[in-house]
1. Does any residue of the stretch 89-106 turn out to be of a type in the set (D, E, K, R), at pLDDT 85 or above and in contact with a Phe, Trp or Tyr (Cβ under 8 Å, 6 or more places away or on another chain)?
2. So, in the stretch 122-135, exactly how many residues are surrounded by fewer than 21 Cβ atoms within 10 Å (Cβ to Cβ), part of a strand (DSSP E or B) and either at positive phi or at pLDDT 90 or above (or both)?
3. G42 fails exactly one of the following numbered conditions: (1) modelled with pLDDT of 95 or more; (2) small (G, A, S); (3) under 24 Å from T155 (Cα atoms). What is the number of that condition?
4. State yes or no: is E102 within 19 Å of I41 (Cβ to Cβ) and crowded, with 16+ Cβ neighbours inside 10 Å?
5. Restricting to the stretch 105-118, name every residue that is open to solvent by less than 30 Å² (accessible area, probe 1.4 Å) and closer than 15 Å to E150 by Cα.
6. For Q65, indicate whether it is without any contact (Cβ under 8 Å) to a residue 40 or more places away in the chain, farther than 20 Å from G135 by Cβ and crowded, with 19+ Cβ neighbours inside 10 Å.
7. Is the stretch 76-83 home to any residue that is open to solvent by less than 10 Å² (accessible area, probe 1.4 Å) and closer than 26 Å to Q47 by Cβ?
Amino acid sequence: MRTILMAAAAALWLPMAAHAQGAEVAFGGGLKQDTTLPVEIGSDQLQVNQADGTAVFSGNVRVAQGPMRLGAQSVRVEYAPGGGAIRRLHASGGVTLANGSEAAEAKEAVYTIESGEVVMTGDVLLTQGPNTLAGQKLVIDLTAGTGRMEGRVQTVFQPGKAP
């Protein structure tokens, strides 16, 4: 966490930082994911609502799908009609999504399981090894391992170092 905060500070202050309105992101396989793998969830509390087909996990929530990890204060799970399969996860409160040396942080994230799309919003910070990319919205296609950062994008690349 300290490293990510230091990277964020560097992204704000280094004069070499690039500014743009949007940026395409290649994840190099770090956030590429097999979306058919089982989803495991652990938390301090669970509240289930049978009427609308949702469950809310709260307190120290940890979600795992293969090597991908997601952490947040709260995760609302929407089940497909008829129950069983998870349609969507809505995470909020200090969201971190990580896989290998790549990690993204945001205020909120919505993961649609079937499409493999994750939309992270609110002060998004992506770290890929020594490089950082910040913006207001990050849309990740886990199947393709690609993404798009939107909103006042700021980046810091370390010369001569690959992510």
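1. There is at least one residue in the stretch 89-106 that is of a type in the set (D, E, K, R), at pLDDT 85 or above and in contact with a Phe, Trp or Tyr (Cβ under 8 Å, 6 or more places away or on another chain).
2. Of the residues in that region, 2 qualify.
3. Status for G42: all satisfied but (3).
4. no
5. A106, A109, V118, listed by residue number.
6. So Q65 passes the test.
7. Yes, because at least one residue in the stretch 76-83 is open to solvent by less than 10 Å² (accessible area, probe 1.4 Å) and closer than 26 Å to Q47 by Cβ.
The rows are residues; the columns are (1) within 21 Å of I41 (Cα to Cα); (2) open to solvent by 20 Å² or more (accessible area, probe 1.4 Å); (3) aliphatic (A, V, I, L, M).
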residue	(1), (2), (3)
S58	yes, yes, no
A72	yes, no, yes
R88	yes, yes, no
L97	yes, no, yes
M120	yes, no, yes
K137	no, yes, no
T146	no, yes, no
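The values are calculated or read from the model by the stated rules, or taken from the named source; none is laboratory data. Here the structure is a predicted model, which is why all the values come from computation and not from measurement. With ideal geometry, Cβ positions are generated from the backbone for all residues, glycine too; neighbour counts draw on all protein chains shown. Note: areas computed on protein heavy atoms with side chains; ligands, DNA, RNA excluded. Shrake-Rupley method; radii C 1.70, N 1.55, O 1.52, S 1.80 Å.
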